[in-house]
Amino acid sequence: MQNTIRRWTAPDIRARKGGEPIVSLTSYHAHTARIVDTYCDVILVGDSLGMVMHGLETTIPVTLDMMILQGMAVMRGSKHALVVVDMPFGSYEASKEQAFASAARVLKETGCGAIKLEGGRRMAETIAFLVERGVPVMGHVGLTPQAINALGSFRAQGRDEADWAPIEADARAVADSGAFAVVLEAVAEPLARRITAQSAIPTIGIGASAACDGQILVLEDMLGLSPRVPKFVKRFGELGPSIEQAVKAYADEVRARTFPGAEHTYPMREATVAKLPERGKGPSRA
């Protein structure tokens, strides 16, 4: 009997609450998804692709079509992880009906297992509406990058205890609405620890607490490919300088005409060479 490869599902991740930490990373390409898939439980196709892939200053300009295109690539490159696709700004806020139409497109066209959207109490009705209609939802509270124009800057949340109550209420609303997990971004450590202890669903930290039920980082940030990264990022690799060194070596060899070498080119087949006339011994014109 042929073994079928089974992906992690949203209910699988939900059941991991309080258990082994959930490992998550972003990916936007088939080739990086193939690598990440070996080690991660969740792959997020994040709207951070706008900044990481396209050089945008924020995630605001990212479109639904961009998310679907990269979601399709990640699905082709992965086999095991639950693939979650971000809902970009403007694709779900107008109404719960708009959110469902956008989410349905994402699920149908990419084949992913869940979507993620930002917002706590204000999105509770929408989350419930989606879940009731078969759309698995991952929430996102704390620092919500799509609200950058309202926030004014990418700053940590909950550093004053007086600010805790609204963030706790947002996390609680997401869980009560039926989301299977919630991302806590740039939330002060004691608050993230407290929310995790109180939440009925797994918390996925990014710039939060090691006490969260899982962690996520942007792949390019942790690999040392992003020029600017938040304080909470640990660089687990420094690929930027390695790539630059490789590109420089390539450019130097091309200019010196040492690349491509004989081992990188295709010679004629021997039978073909034998039929060619030797130089200077072509047919006589006499």
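The values are calculated or read from the model by the stated rules, or taken from the named source; none is laboratory data. All of these numbers come straight from a predicted model, not from anything done at the bench. No Cβ is skipped: glycine too gets one built from the backbone with ideal geometry, and neighbour counts run over all protein chains shown. When the accessible area is computed, the model is the full protein with side chains, heavy atoms only, and any ligands, DNA or RNA have been set aside. Shrake-Rupley method; radii C 1.70, N 1.55, O 1.52, S 1.80 Å.
Only one entry of Val36, Val42, Val23 meets the criterion of being within 12 Å of Ala81 (Cα to Cα), open to solvent by 50 Å² or more (accessible area, probe 1.4 Å) and among the β-branched types (Val, Ile, Thr), and that entry is Val23.
Residues in the stretch 46-99 that are of a type in the set (Gly, Ala, Ser) and either touching a His at 6+ places or on another chain (Cβ under 9 Å) or within 13 Å of His29 (Cβ to Cβ) (or both): Gly46, Gly71, Ala73, Gly77, Ser78. A single entry from Glu97, Glu93 fulfils the requirement of being part of a loop (DSSP other than H, G, I, E, B) and either over 18 Å from the mean Cα position of the chain (by Cα) or in contact (Cβ under 8 Å) with a residue 40 or more places away in the chain (or both): Glu93. Taking the criterion of being within 18 Å of Gly77 (Cβ to Cβ), of a type in the set (Ser, Thr, Tyr), free of Cβ contacts under 8 Å to residues at least 24 places away in the same chain and surrounded by fewer than 21 Cβ atoms within 10 Å (Cβ to Cβ), would at least one residue in the stretch 2-12 satisfy it? No, every residue in the stretch 2-12 fails to be within 18 Å of Gly77 (Cβ to Cβ), of a type in the set (Ser, Thr, Tyr), free of Cβ contacts under 8 Å to residues at least 24 places away in the same chain and surrounded by fewer than 21 Cβ atoms within 10 Å (Cβ to Cβ). In the set Gly120, Gly113, only one residue is crowded, with 17+ Cβ neighbours inside 10 Å and within 16 Å of the chain's Cα centre (by Cα); that residue is Gly113.
Selection of the stretch 52-63 for residues being surrounded by fewer than 20 Cβ atoms within 10 Å (Cβ to Cβ) and among the hydrophobic types (A, V, I, L, M, F, W, C) yields Val52, Met53, Leu56, Ile60.
Number of residues in the stretch 10-51 that are aromatic (Phe, Trp, Tyr) and either modelled with pLDDT under 95 or over 11 Å from the mean Cα position of the chain (by Cα) (or both) equals 1. Which one is farthest from Ala175 (Cα to Cα), of the residues in the stretch 20-37 that are in contact (Cβ under 8 Å) with a residue 40 or more places away in the chain and assigned to a loop (DSSP other than H, G, I, E, B)? Step by step, filter the stretch 20-37, then rank; the result is His29. For the stretch 52-63, a residue qualifies if it is in contact (Cβ under 8 Å) with a residue 60 or more places away in the chain and more than 11 Å from the chain's Cα centre (by Cα), and the qualifying residues are Thr58, Thr59, Ile60. Going by what's in this entry, would Met66 be described as farther than 19 Å from Leu217 by Cα and over 15 Å from the mean Cα position of the chain (by Cα)? Spelling it out, it is not the case that Met66 is farther than 19 Å from Leu217 by Cα and over 15 Å from the mean Cα position of the chain (by Cα).
Scanning the stretch 237-267 for residues that are of a type in the set (Phe, Trp, Tyr), open to solvent by 80 Å² or more (accessible area, probe 1.4 Å) and modelled with pLDDT of 95 or more yields a single hit, Tyr250. Contact annotation: residue pairs with Cβ atoms under 7 Å, 6 or more positions apart or on different chains, pairing a residue in the stretch 164-181 that is touching a residue at least 40 places away in the same chain (Cβ under 8 Å) and over 19 Å from Ala114 (Cα atoms) with a partner that is in a helix (DSSP H, G or I) and of a type outside the set (Asp, Glu), are Ile167/Leu191; Ala169/Arg121; Asp170/Arg121.
Remark: pairs (first residue in the stretch 138-149, among the β-branched types (Val, Ile, Thr); second residue open to solvent by less than 10 Å² (accessible area, probe 1.4 Å); Cβ separation under 6 Å; 6+ apart in sequence or on different chains) = Val141/Gly120; Val141/Ala171; Thr144/Glu118.
Yes/no per residue for (1) at pLDDT 95 or above; (2) over 22 Å from Leu44 (Cβ atoms):
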| residue | (1), (2) |
| --- | --- |
| Asp163 | no, yes |
| Phe180 | yes, no |
| Arg194 | yes, yes |
| Ala200 | yes, no |
